[in-house]
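Q: Sharing a structure, written as C-alpha cells. Questions coming.
Each reported figure results from applying straightforward, stated rules to the coordinates on display, with no laboratory input. Everything numeric in this text was worked out from a predicted model, so none of it was measured. Cβ: placed from backbone, ideal geometry, glycine included. Neighbour counts: every protein chain shown.
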Amino acid sequence: MAAMVVLLVCLPFLFETDPFIFIFLTNTFLFMILALGLQLIFGYAGMIHLSHAAFFGIGAYASALVTTSFQWPFIAGLLISVASAVLVGLLISPIVRLKSVYFALASFSIGPITQVLLRELPFTGGANGLGQIPSASILGFGFTTPVRYYYLSFLVLVAVYFLCHLLSNSPFGASLRAIKRNELLAATCGINVPRNQVKVFLIGVAAAGLAGSLVAHIQGFISPDMFSVEKSLFLLGIVVVGGLGSLPGAILGTAIMMFIAEYSRFFHEYIALVYGLILVCFMNFFPRGLWAMLAESISRWGPRERPARTPRTNAVEDA
C-alpha cells in the first residue's frame with residue numbers, strides 16, 4: 001500500500017504532458033471517496049443503500065450554490081456540502097429501522113426524488129445545470145490545472161481512507177460487523193443497533209457530500225444527470241466487485257469499474273443493464289469480491305513458513 005501511495009505521488013513527474021491521465025485519475029479518486037462511504041454503510045453495516053449518488057448531488061449543488069450565489073470561499077462550500085448531505089441524511093434517517101429489502105426500496109426512492117428536485121427547483125438551473133463554478137482554492141492557492149486537481153483529490157482520498165480505517169478498526173467498526181452478522185444477537189449483547197446504523201449512514205453520506213463538492217469545483221459544471229440512479233448502481237457495483245467489508249476492496253473495485261466504464265461508452269444506452277449484470281454475476285459467483293480472492297492467491301503462492309522441528313529424543317534414554 002505504501003509503495004502504491006509513493007507511485008501515485010510521483011506519477012505527475014512521469015506523465016506531466018498528458019492531461020487526460022490526470023483527469024481520469026482525478027475522477028477515479030472521487031469515486032473512491034464515494035465507494036469508501038458506501039463501503040461503511042453497505043459493506044460493514046449490511047445496509048443496502050441504493051441512493052448514494054443522490055447525496056453526491058446534494059453536496060455538489062450545495063457547494064456550487066454558496067460559492068456562486070454568495071461568493072463564499074471553497075472551504076466554506078466544502079463544509080456546507082458535507083453539512084447538507086448529513087442534514088438530509090438525518091431527515092430521512094428513520095428509514096434505517098426498516099430491514100433488508102424494505103430499507104433498500106426506501107433508499108432507492110430517494111434518488112429519483114432528488115433528481116426531480118434538482119431539475120424543478122428555481123435556483124438549481126433546471127435540466128441545464130449550474131455552470132461557472134469557481135475552481136477550488138485554499139489560502140490563495142488555486143487548483144486550476146489537471147495536475148493540481150489530481151493532487152487535491154488524492155490528498156482528500158488519503159484523508160478519507162485514513163479516517164475510514166480508524167473507524168473500521170475501532171469498537172464502532174466491530175459493532176457494525178456484529179450488526180451485519182446478526183442484529184438480534186448484537187442488540188442482545190448491548191449494542192444500540194438503530195443508533196449505530198444512523199451514525200454509519202450519516203458518516204457515509206458525509207463522504208458523498210465531500211466528493212460532490214470536489215467534483216463541482218473541479219469540473220466547473222454540474223447537472224442532475226450526473227447524479228442519476230445509474231450512478232448509484234455503479235457505486236453499488238464498485239463495492240460488490242471489490243469485496244464487501246474491505247476498504248482496499250473499495251479501492252480495487254473502483255479502479256476496475258472505472259476501467260469498465262471508460263471502455264464501454266458504446267453501451268451507453270444499456271449501461272444500467274451492464275452494471276446490473278455485473279452485480280448479479282459477482283453476488284452469485286464471487287460473493288467475497290476480488291480483494292478477498294487476491295489476498296487468498298497471494299497467501300497461497302507466497303512464501304510459507306516451515307513448521308518448527310521438534311527435538312528428537314533418545315528412545316532408549318526415555319525408556
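Q: May I ask for the longest run of the chain untouched by GluC sites (Glu not before Pro) that are loop-located per DSSP and have at most 15 neighbouring C-beta atoms (other than their own) within 10 Å?
A: By the stated rule (loop sites, at most 15 other Cβ atoms within 10 Å), 17-304.
Q: Could you work out the equivalent-ellipsoid semi-axes for the stretch 150-197, taking the square root of 5 times each eigenvalue of the Cα gyration tensor, largest first, in whole Å?
A: 30, 8, 7
Q: Cα convex hull of the stretch 197-291: how many Å³ per residue?
A: Value for the stretch 197-291: 118 Å³ per residue.
Q: Run the quick spin-label model on PHE141 and SER100: label points 7 Å from Cα toward the beta carbon, then report their separation in nm to one decimal.
A: Going by the 7 Å Cα→Cβ label model, 5.1 nm.
Q: Using the 10 angstrom Cβ neighbour count as an exposure proxy, how do ARG181, ARG288 rank, fewest first?
A: The most exposed by this proxy come first: ARG181, ARG288.
Q: Here's something else I'd like to know. Let a ≥ b ≥ c be the square roots of the eigenvalues of the Cα gyration tensor of the stretch 109-210; is it rounded (a/c under 1.5), or, if not, prolate (a/b larger than b/c) or oblate?
A: Verdict is oblate for the stretch 109-210.
Q: Follow-up question, since we're still on this one. Could you line up THR188, THR145, THR114 from fewest to most neighbouring Cβ atoms inside 10 Å?
A: With the fewest neighbours first, THR188, THR145, THR114 line up as THR188, THR145, THR114.
Q: Oh, and also: May I ask you to work out the translational diffusion coefficient for the stretch 20-226 at 4 °C, viscosity 1.567 mPa s, via Stokes-Einstein with Rh from the Kirkwood sum over Cα pairs, reported in whole µm²/s?
A: Using the Kirkwood radius from Cα pairs, D works out to 74 µm²/s.
Q: Then there is this: Once fully extended, how much extra length lies between LEU277 and VAL158, figured as 0.36 nm per residue of separation less the alpha-carbon to alpha-carbon distance?
A: That works out to 39.7 nm of additional length.
Q: Now a separate question. I want to check the label-to-label distance for ARG300 and ILE113. Put each point 7 Å from Cα in the C-beta direction and report it in nm to one decimal.
A: 4.6
Q: Show me the trypsin sites (Lys or Arg not before Pro) within the stretch 71-156 that DSSP assigns to loop and that have at most 16 other Cβ atoms within 10 Å of their Cβ.
A: The qualifying sites are LYS99.
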